[in-house]
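Report on one structure; see the data block that follows.
The values are calculated or read from the model by the stated rules, or taken from the named source; none is laboratory data. The structure displayed is predicted, hence computed values, not measured ones. Please note: Cβ atoms are built from the backbone with ideal geometry, for glycine as well, and neighbour counts cover all protein chains shown. Heavy atoms of the whole protein, side chains included, go into the accessibility calculation; ligands, DNA and RNA do not. Shrake-Rupley method; radii C 1.70, N 1.55, O 1.52, S 1.80 Å.
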Amino acid sequence: MAPKGDNVVVSNIKLERMLSMKGGKGEASYANNSQAQAQHARSVLHLLKETLDGVHLNSPELPFVVVDLGCSCGSNTIYIIDVIIKHIIKRFEALAVDPPEFSAFFSDLPGNDFNTLFQLLPPLATYGGSMEECLAADNHRSYFAAGVPGSFYRRLFPARSIDVFHSAFSLHWLSQVPESVVDVRSTAYNRGRVSIHGANEAAAAAYRKQFQTDLAGFLWARAHELKRGGSMFLVCLGRTSLDPTDQGGAGLLFGTHFQDAWDDLVQEGLISSEKRDSFNIPVYAPSLQDFKEVVEADGSFSINKLEVFKGGSPLVVNQPDDAAEVGRALANSCRSVSGVLVDAHIGDRLSEELFSRVERRATNHAKDLLEKLQFFHIVASLSLA
């Protein structure tokens, strides 16, 4: 019998209550492994600003409300909120109008490490309550901040209350692993795989359907919450292949060394094959057509821009020739986004075994990883139809 991990393995728990990026500030934390996301976000800032230029400016007597959906727990979300608010301030100033007060909501699933995020927030500049004085204060934020826990696939805010929605690197996370994918009686059973990459046709169809159902729920909720004249700017992992089992960069991240490490645990008798097969990463990198079909079928939004961009590598290393550093970066990158799910499935001890094997395998293929591991992103700018 395969040994269990040190922790009691979590079972029958909704993904929504469990999923989060790895919290804290440790080596494998999301806060310390999201530099690539920061670089990729900066590469599309010009498109974000184009979207912001189209947002209707209401009376400065009304607060301007910004939301980052899937904010996670690092500094990237704070940077983006800052960019958005400063750009809107410039638009008001160009009209010779005093800017309004600003509210920023940081939203993610309940398991998100909001404590770490809030510790990163700069202090609010009050200075007697004058917004002009707030804006002039260095190293202070010029907005009121709050955290909103919950799934963005459902309603989170009152109707017509939000001016700008932003979401980056989150919509490829599904609300759940499709049930048929882990049902041994189903033709979609993803036997031997822990992700959609390389899966059979039925499993791929189940993943695609789940993505489309989730995105439709997301759009329905935002259509109620967004103010008339407001906009959404969305970035998620995408793919250029028409074949959903070819997930591109996401497939290389979860479908090669991560997959092989799970196989190692099975072959070494540390877990059963059934235990491996009951674990699937709830990630789907859509094609442009996948995304467009859902937006058009929903009908609530007009597409201002919908493109695929090459985002680059998720690996940020100081010494590209140092294979050990590359291997460690790949393992930490995987762990920062999937470690919480792996820990829950097989326990802490076996999770350590798994990611040590990911690191070892990645170290042995460091040059290949740096050359081939490239992400593509779907960038969408939407406004109410």
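Worth a mention:
- Under a 5 Å amide H cut-off, with hydrogens placed 1.01 Å from N, Gly229 pairs with Leu384 among residues at least 5 apart or on other chains.
- Net charge of neighbours whose Cβ lies under 15 Å from the Cβ of Arg185, counting Lys and Arg as +1 and Asp and Glu as -1: -3
- Dipole of region 52-211 [Lys/Arg +1, Asp/Glu -1 at C-beta], most positive-end residue of Leu171, Phe114, Leu69: Leu171
- Its residues counted as N, region 193-303 yields a C-alpha radius of gyration over 2.2 N^0.38 Å of 1.29.
- Solvent-accessible area, 1.4 Å probe, carbon plus sulfur percent, for the chain: 49
- Charge dipole of region 187-245 about the Cα centre (unit charges at C-beta), most positive-ward option of Met232, Leu215, Gly192: Met232
- Size of electric dipole in region 268-338: Cβ of Lys, Arg +1 and of Asp, Glu -1, about Cα centre, debye, nearest 20: 140
- Within the chain, DSSP assigns beta bridges of which about 45% are antiparallel (rounded to the nearest 5).
- For the chain, calculated [θ]222 nm from helices alone, where every DSSP H run of n ≥ 4 adds -39500 (n - 2.57): -13000 deg cm²/dmol
- The chain - Kirkwood radius from inverse mean 1/r over Cα pairs (Å): 21.7
- A 1.4 Å probe run over the protein chains yields, for region 165-299, 36 Å² of accessible area per residue, whole-number rounding.
- Cross-link check: pairs Lys90/Lys305; Lys49/Lys310; Lys227/Lys292; Lys292/Lys367; Lys86/Lys227 evaluated at a Cα-Cα cut-off of 27 Å; pairs beyond the cut-off: Lys292/Lys367.
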